[in-house]
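Comments concern the structure below.
Throughout, read-outs are computed from the coordinates displayed, never taken from laboratory work. From a predicted model like this one, the values you see are computed outputs, not experimental measurements. No Cβ is skipped: glycine too gets one built from the backbone with ideal geometry, and neighbour counts run over all protein chains shown.
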Amino acid sequence: MSSDATKPQTHTDVAAAKAREPDAIYQGDGIVARVLDPEVDLETKEVRFREIYSSDDLLLPDECEFQKYRIVIQRVAYASRIN
């Protein structure tokens, strides 16, 4: 899974990111998903995750926030629903 991490953050954004959970993806003020093994590639401006889970509330076409990055999920390599 890959996300574009191109938007710059303001000082306020960075402070808010520090207060957030490091394995969470946010939309608005709420957690919409959790991630495993995030990898930030600054050269390609991408954030890749081995897995995104607990993502029923995640709206893929919408902008998200992960740690100090604003991202848009562009590709999903494999998707399944596990109950």
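I need Y26, Y53, Y78 ordered by Cβ neighbour count within 10 Å, fewest first.
With the fewest neighbours first, Y26, Y53, Y78 line up as Y78, Y53, Y26.
How far is it, in nm, from the label point at V76 to the one at Y53 when both lie 7 Å from their Cα along the line to the Cβ?
1.6 nm
Using each residue's phi in segment 28-44, evaluate 6.51 cos²θ - 1.76 cosθ + 1.60 at θ = phi - 60° and report the 3J(HN,Hα) Karplus result to the nearest Hz, with x for Gly and Pro.
Karplus values, whole Hz, x for Gly and Pro: x, 9, x, 6, 10, 6, 10, 10, 10, 6, x, 9, 9, 10, 5, 5, 8.
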